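Chemist: Let me give you the structure first, and then I'll get to my questions.
FYI, it's all coordinate maths here, none of it is from the lab. This is a predicted model, so every value here is computed, not measured. A quick note on method: Cβ atoms are made from the backbone with ideal geometry, for glycine too, and the neighbour counts reach across all protein chains shown.
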């Protein structure tokens, strides 16, 4: 199964795929990056939500990195869930896992949207739409390039007497 197929199946299990929020999208994106993690997680995704406690129990014997991804997915889904993954742990994630985690963070904050398109052969392909992120970044860059003085005037516009 491709990541796009796994992601779409997790969304479909909620029976409200078109109405789930960014927290679901971020968690499902991460849960679909690993086939074994996906297989264990899908049994615990329903219309009522995602039972991460049950998923964690089912994943006890998995590798540490898989459990860390699960913990991050849980925390992005349910903001108050404890996450033992530290910045040091993040720095040790292999490629492309760290990229997936970073993308999931952008998905969770609404800067990136998950989309599924058909490729040339008609198979589903997962794409990340980062147009919102790029817009935010351009605005930030424009704001930071215009340094303002305390009185709100741009330094270049001030006249010195």
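Chemist: Would you order 33, 53 from fewest to most other beta-carbon atoms within 10 Å of each residue's own beta-carbon? Write out the running numbers ahead of the final one.
Modeler: Details: 33 23, 53 11.
Sorted ascending by nearby Cβ count, the order is 53, 33.
Chemist: If I model segment 3-130 as equal point scatterers sitting on the Cα atoms and use the Debye formula, what is log10 I(q)/I(0) at q = 0.13, 0.22 Å⁻¹?
Modeler: -0.48, -1.44
Chemist: Taking the chain as a Gaussian network, where each spring joins two C-alpha atoms under 10 Å apart, which residue of 65, 15, 142 fluctuates the most?
Modeler: 142
Chemist: Another question, if that's okay. Only Cα pairs within less than 10 Å get springs; with that Gaussian network setup on the chain, which residue of 40, 56, 134 has the largest fluctuation?
Modeler: Highest fluctuation among the options: 134.
Chemist: How do 7, 29 rank when sorted from fewest to most other Cβ atoms within 10 Å of their own Cβ? Don't jump to the answer; show the numbers that get you there.
Modeler: Details: 7 23, 29 26.
Neighbour counts put them in this order, fewest first: 7, 29.
Chemist: How high is the relative contact order of the chain, in percent, with contacts defined as C-alpha pairs under 8 Å that are six or more residues apart? Walk me through the numbers before you get to the answer.
Modeler: Numbers: 166 pairs, mean separation 34.4, N = 161.
Computed over the chain, the figure is 21 percent.
Chemist: Sort 32, 81, 121 so that the residue with the fewest other Cβ atoms within 10 Å of its own Cβ comes first and the one with the most comes last. Each step should come with its number before you reach the end.
Modeler: Values: 32 27, 81 15, 121 6.
Ranking 32, 81, 121 by Cβ neighbours within 10 Å, fewest first, gives 121, 81, 32.
Chemist: Something else about it: Using helices alone, I'd like the mean residue ellipticity at 222 nm for the chain: each DSSP H run of four-plus residues gives -39500 (n - 2.57), total over residue count, nearest 500. Provide the component values of the computation, followed by the final result.
Modeler: Working: 8 runs with 82 residues, N = 161.
That comes out to -15000 deg cm²/dmol.
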